[in-house]
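The structure under discussion appears below in the form of structure tokens.
Please treat every number below as a calculation from the coordinates, not as lab data. For clarity, every value in this text was computed on a predicted model and none was experimentally measured. Every residue, glycine as well, gets a Cβ built from its backbone with ideal geometry; the counts of neighbours run over all protein chains shown.
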Amino acid sequence: MGRSVCLFLAGMIWLPAAGWAQDAADEAADATTPETVEETTAAPEAPATPAAPEAPATPEAPAAPEAPAAPEAPIAPPVTTVEEEVAKAAAEPEGVKAPPKEKRSNVSALFNDRLESRYWNFKDPILGFPDSEGVRSYFETVNRFTGYVKAGKWSFFGQLDLVSLGANSYIANGEVQYERDLLHDGIWHPLLLAPYDSTEVGKEGWGRVVRNNYFNLEKVQASYNTPAVSLTLGDSYAAFGSGIALNLNRNVDIDIDTSIQGAKVVWQPDMWNVQAFFGQANRQQIWQDNPNIGLYGDRRHLITGVRAERYSIGTVDIGAHSVLYNFTDQEGWGPGFDNIASSPDAIVSGATMQAFGWGPTDWFLEVDAFSYPNKTLGRDEDGFKIKGNDLFYGQAASPGFAAYLSGSAYLGDFTLLMEAKRYSNTAHLNNLVTTELYQVAIAPTLEYERSITEDSAAALGSNDMWGGRMQLEWNARPQLIPYAAVGVFRDNDPENPLNFSPVPETIVHPMLGLEWNYNEWAVLANLGYRFDIRDDVEVYGTDKQLHGDIIANVPAWKGWGFNMSVAGEYYQWGNNPIQQSDYVEFETAWSLLWGSKLAFIYYMDYTTNPLLDSVGNLTENLYAAGEIQYKPTSSITLKAFYGSYKAGIRCSGGQCRVLPGFDGGRLTVQAAF
Amino acid sequence: MLARLWKVFALMVAMVAMAPGAYAGDAASDFTLRDVTGKTVSLSDYKGKVIILSFWATWCQPCKEEMPHLDKMYKELGDDGLQVLSVSFDDARMRSKVISYVRQRGFSFPVVMDPDSKAIGMYNPSKTAPWTVIIDRNFEVAQIHSGFQPGDEEKLREEVVELLAH
């Protein structure tokens, strides 16, 4: 472990330097069009790259036991009994046994690292320089290192993120030009030990390094744990109930990670769980999947919360919580704490009840009250105090509430899932942080996430919505579960700026699907048709969306298998003030797999959606890409990707993000050690 | 330029390639979470057993493929000292779906929920799914697997049988 840590620490130091060297070399090597537009050729000497220290000659790390070659997958029951298998394993020669135990330590550690180098290919020339095709292409390297160390009752967690841009400048008319700014003015720069100011930083030499490289100790946590109490200082996550009042967590699927930086205490005697925290929001600065452009500092919103839960009162668990939000529009450490004395922007208080085994049913109920205290925001021209609320953009605020009920009934081979919700003035809570691309609280949406579009995403952020959804699942056979579902919602919030509909609408969404697993075979399929029926339908029409997706695993021969993932939709718009075009979209991935070791993947996307900001590499609408994934060990993954995929909205965990399209190449290493 | 990038990448690959296995023998970190019926479950409840700690989410199709195999393995090897503990890191808003998903399929192993990323932070901070940690009878981490492809269950089973024998 020690050697690994040393190597990584060396890597941490070395990578930015490698980025600088890469930057300089790129500029020298990529000279293109002379006279008018050319890549920088007069790059300064790159700083000497500190080499990774020589690892001392040691025997191979005591690798986890290499399992003997796997036999052919036995579909039929094995001829030996389990007891015989275990006994046989015990009798194996020493070479295949688990490694001998070293002296046990009270300290344990787990590290993760994900390194990705991306080549962003931009074919378009610089405006006014038609012969500069390809000059805007650039490299981006992102590294995320996490470490968890436990020593007795103490544990420590840290995350270090790093980004480096290469080939990010050119010379036009004799002057160095940067194609994109990695950093926004005002962000604290660890290489400057001061806030970054683009007007003060030079464009060459050290200035080039500062402009194109940035790293950030994103998360730091120290925790003291006993069976009954845990105290955490630094970054922690918190979610209350079903997330309506508070849901700050890491959502890797769409590259969102916001923690609460402060103190958190959890006390959990026998049938109780009581937690309280106080801290400032800590949004991640460096994106792992999105392009890193214009990174800016944290707006550290002050958040305080407390929740108590009492379990097993008969078959019922109950809980109550309250969260105070004090938002700021200023970056840095100070502004959040400056708000301590002022009244909060929002107070959300609520209660939950969960009941198990009421007959053949389970139930969950949450109700929350949203209060938005008006406060003095300043004075108008005549000197009168302006009373309002930040979350209502300085206007007088109105209170809100949320009620969410879900139930499951287990009726023989059938399971009936039911959900109902009513939200009023709840989405205001996210008004300010939405611009920072995350949400502090996420109410259950009841919606099938793969069908969410730019328009229907508005329903997630509605301030006046009610509806319900029912889903009937049938255990037709072991591991074969078809289902039918229908959701009906009413969105009375046409003022939502994200909503394309100028009037309230009723949303009806029937779906069919199935889940089937049999040995190495698997199929997961969903098909739905969603109508957004706008009020005064003769004038405003109806949005219609036909969507479907299927994922299938098919075993082939001798450990090889085939995986297919296809999703598509056809969207017809109602009548919008600015009319949009109907469109068709497909996303496909075809994989040939050799166990978990090796995968060859071919991606092909197609879209005629004019709202997407991307262009295909085969035709304007058609995108293709290939990827090889290799896992030399169970905890290391290497990936090489080349090609193009479309932009699109992607939702996970109730949050949605429009991810940009991509054209170029990527090399990725991910490891746990 | 590309050659230099390749060198950068190759060196990083070499660095991580030298690292795997280093966690083997590390003491497992304990945590306490609530299962889908509200009961308290601690990892240390299963000290002395071989534990498969399986991280999953309802949006993860490979996880759904892996879970029936884990259930089958648990039913076969449970009496010999295997314990499967499944950790859902679904979002808080997915609580109802997790509960109904687990109960409908009737998995025989406990499933706990980790909406605050407590166990996730200890074992799987990158939130990879599925993510499988094998802990031996000495309560030490023996192996970590990321992802699941059909056929992986055989290798997992062999590793478990091997550990059960010691």
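Numerical summary
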| quantity | calculated |
| --- | --- |
| Full-stretch length increase - A:N374, A:E204 - with 0.36 nm per residue and alpha-carbon distance subtracted | 56.3 nm |
| Sparsely packed chymotrypsin sites (Phe, Trp or Tyr not before Pro) within the stretch A:491-582, loop by DSSP, other Cβ within 10 Å at most 13 | A:W557 |
| Karplus-derived HN-Hα couplings along the stretch A:341-351 (A = 6.51, B = -1.76, C = 1.60, θ = phi - 60°), whole Hz, x at Gly and Pro | 7, 8, 5, x, 6, 8, 10, 10, 10, x, 9 |
| Table column - 3J(HN,Hα) (Hz), the stretch A:305-321, Karplus curve with 6.51, -1.76, 1.60, x for Gly and Pro | x, 8, 9, 10, 10, 10, 9, 6, 8, x, 9, 10, 10, 10, x, 9, 8 |
| Candidates per GluC sites (Glu not before Pro) in the stretch A:296-405, loop by DSSP, up to 14 other Cβ within 10 Å | A:E381 |
| Segment A:F384-A:L192, extension gain: residue separation times 0.36 nm, minus the distance between their alpha carbons | 64.8 nm |
| Relative contact order for the stretch B:24-164, counting Cα pairs under 8 Å that sit 6 or more residues apart, in percent | 35 percent |
| Relative contact order of the stretch B:97-158, pairs being alpha-carbon contacts under 8 Å that are 6 or more residues apart, as % | 19 percent |
| Listed residue (B:L164, B:V141, B:H69) projecting farthest to the positive dipole end of the stretch B:61-166, Cβ model | B:H69 |
| Linear extension gain, A:A420 paired with A:Y296, 0.36 nm per residue minus alpha-carbon span | 40.7 nm |
| Neighbour net charge for B:P130 - beta-carbon separation under 12 angstrom, K R +1, D E -1 | -2 |
| A:Y393 paired with A:D535, simple spin-label distance in nm, labels 7 Å along Cα-to-beta-carbon | 2.1 nm |
| Pairwise centroid distance, computed over Cα atoms, of the stretch A:335-388 with the stretch A:414-452, Å | 16 Å |
| A:S343/A:D131 FRET efficiency (R0 60 Å; Cβ-Cβ; nearest 0.05) | 0.50 |
| In order through the stretch B:125-139: 3J(HN,Hα) via Karplus (6.51 cos²θ - 1.76 cosθ + 1.60), integer Hz, x for Gly, Pro | x, 7, 6, 6, 9, x, 9, 10, 10, 9, 10, 8, 5, 8, 6 |
| Under 5 Å, built H, 5+ apart or other chain: amide partners of A:L182 | A:G294 |
| Spin-label pair A:N173/A:D413, simplified geometry with 7 Å Cα→Cβ offset, distance in nm | 7.7 nm |
| The stretch A:128-215, relative contact order [Cα under 8 Å, separation at least 6], % | 24 percent |
| Residues A:Q572 and A:R490, FRET efficiency given R0 of 22 Å [Cβ-Cβ distance, rounded to 0.05] | 0.55 |
| Sites A:L231 and A:E436, calculated FRET efficiency, Cβ-Cβ separation with R0 35 Å, nearest 0.05 | 0.80 |
| Other-chain or far-sequence residues with amide H under 5 Å of A:A556's (modelled H) | A:G561, A:F562 |
